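First up is the structure itself, then whatever we jot down about it.
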Amino acid sequence: MWLRVGCTLEMDFQVESPMLLLMRPRSDAHQWVAQDRYTVSPGMPIVEYTDMYGNLWQRLTAPAGHFQVQVQSEVQVPTRLERAPGAPFVLVQDLPDQTLMYLTPSRYCDSDRLGQQAAQIVRGKIPGYDQVDAITRWTHRHMTYLTYSDPAPISAREAIERGNGVCRDFAQVGIALCRSLSIPARYVVGYLHRLEPMDLHAWFEAYVGGQWFTFDPTQAETQVGRVRLGYGRDASDVPVFNQFGPLVIPSRMDVFVEQIEDLTH
């Protein structure tokens with residue numbers, strides 16, 4: 001399917017402010033970016049670089065005053081979500097090097113504190129995909145999705161204890177529980193078609209059976225229509241923007257996702 005996705009971000013700075021932006025999707029095994037438009041106002045030099053996770057960042061210094069960035073992309077994504085019940089657990093000694101960074105605890109995914117709980121959740125499940133699926137379903141049932149919950153970042157264990165959160169918290173709970181079972185899991189931020197209310201979204205991917213699979217604990221059944229902006233160990237690795245200097249809250253952040261006709265015809 002083809003999706004047109006985009007975001008408008010506006011801020012007002014009192015002083016010159018360096019920024020890092022993660023607002024431009026890139027083509028990978030999950031998606032093909034056919035067209036891409038990226039504009040900033042006022043005009044200023046922008047430098048792009050790729051981080052250790054393969055994410056494409058924009059680096060700039062916004063002048064004092066009103067700042068706006070607008071991004072719009074036409075992206076082809078799969079029409080079905082790949083699932084593989086029974087896909088086996090991969091022994092740690094057999095994992096590819098690039099998955100190992102997603103195996104250990106991180107700032108908000110305190111997997112070293114959740115081993116006993118994870119073992120209870122997956123009891124009786126075949127090691128691998130079925131365990132991740134059980135974790136995803138447990139998280140969906142156990143936690144309440146609140147669009148406007150407390151915005152302060154908390155750990156996966158704290159989110160479980162609180163029992164509610166936003167998509168960020170759901171994803172980090174799933175990740176931490178997977179890692180506690182030695183299953184690599186990574187945080188994903190991006191766009192989701194038909195999300196209500198529309199906003200940027202977060203989910204996670206787990207490495208089983210020799211590949212990455214998509215899981216979304218905010219949904220009873222993980223749906224298609226996803227455009228990825230970035231991957232990380234947890235939300236701290238993939239904020240849509242990092243602004244340095246005196247803290248400024250965005251005055252506007254609008255997100256849209258719409259299905260469009262096949263651009264290849």
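The residues of the stretch 101-121 that are outside any helix (DSSP H, G or I) and surrounded by 21 or more Cβ atoms within 10 Å (Cβ to Cβ), listed by number, are Ser106, Tyr108, Cys109, Leu114. Would you check if there is a residue in the stretch 187-206 being in a loop (DSSP other than H, G, I, E, B), modelled with pLDDT of 95 or more and farther than 21 Å from Met23 by Cα? No, every residue in the stretch 187-206 fails to be in a loop (DSSP other than H, G, I, E, B), modelled with pLDDT of 95 or more and farther than 21 Å from Met23 by Cα. Inclusion of Asp150 among residues that are touching a Ser or Thr at 6+ places or on another chain (Cβ under 9 Å) and either more than 17 Å from Pro217 (Cα to Cα) or surrounded by fewer than 18 Cβ atoms within 10 Å (Cβ to Cβ) (or both) is not warranted.
The condition (being in a loop (DSSP other than H, G, I, E, B), touching a strand residue (DSSP E or B) at 6+ places or on another chain (Cβ under 6 Å) and over 25 Å from Arg26 (Cβ atoms)) is satisfied by just one residue among Ile154, Ile126, Ile183: Ile183.
When the residues of the stretch 219-256 are narrowed to those that are in a strand (DSSP E or B) and of a type in the set (Phe, Trp, Tyr), which ends up farthest from Thr147 (Cα to Cα)? Steps first, please.
Of the stretch 219-256, the ones in a strand (DSSP E or B) are 226-232, 241-243, 252-256.
Keeping just the survivors that are of a type in the set (Phe, Trp, Tyr) gives 231, 241, 256.
Working: Tyr231: 22, Phe241: 20, Phe256: 17 Å.
Per the criteria, the residue is Tyr231.
Taking the condition of being of a type in the set (Ser, Thr, Tyr) and over 28 Å from Asp130 (Cβ atoms), how many residues in the stretch 209-257 meet it?
Keep residues of the stretch 209-257 that are of a type in the set (Ser, Thr, Tyr), which gives 214, 218, 222, 231, 236, 251.
Checking the rest, the ones that are also over 28 Å from Asp130 (Cβ atoms) come to 236, 251.
Final tally of qualifying residues: 2.
Quick check: is even one residue across the stretch 184-194 of a type in the set (Lys, Arg), touching a Ser or Thr at 6+ places or on another chain (Cβ under 6 Å) and either buried (at least 20 other Cβ atoms within 10 Å of the Cβ) or within 29 Å of Phe256 (Cβ to Cβ) (or both)? No - not one qualifying residue is present in the stretch 184-194.
Of the listed requirements (1) over 15 Å from the mean Cα position of the chain (by Cα); (2) part of a loop (DSSP other than H, G, I, E, B); (3) among the polar types (S, T, N, Q), Gln259 misses just one: (2).
Exactly one residue among Met23, Met11 is outside any strand (DSSP E or B) and at pLDDT 95 or above, and that residue is Met23.
Apart from one condition, Val173 fits all of (1) touching an Asp or Glu at 6+ places or on another chain (Cβ under 7 Å); (2) part of a helix (DSSP H, G or I); the exception is (1). Candidates are the residues of the stretch 123-137 that are of a type in the set (A, V, I, L, M) and out of contact with any Leu (no Cβ under 7 Å at 6 or more places or on another chain); the one that is farthest from Ile175 (Cα to Cα) is Ile126. Residues of the stretch 53-79 being over 19 Å from the mean Cα position of the chain (by Cα), in a loop (DSSP other than H, G, I, E, B) and either of a type outside the set (Ser, Thr, Tyr) or over 23 Å from Ala29 (Cβ atoms) (or both), which ones? The answer is Pro63, Ala64.
The values are calculated or read from the model by the stated rules, or taken from the named source; none is laboratory data. As the structure is a prediction and not an experimental result, all values here were calculated from the model. Here the Cβ is made from the backbone with ideal geometry for all residues, glycine too, and neighbour counts use every protein chain on show.
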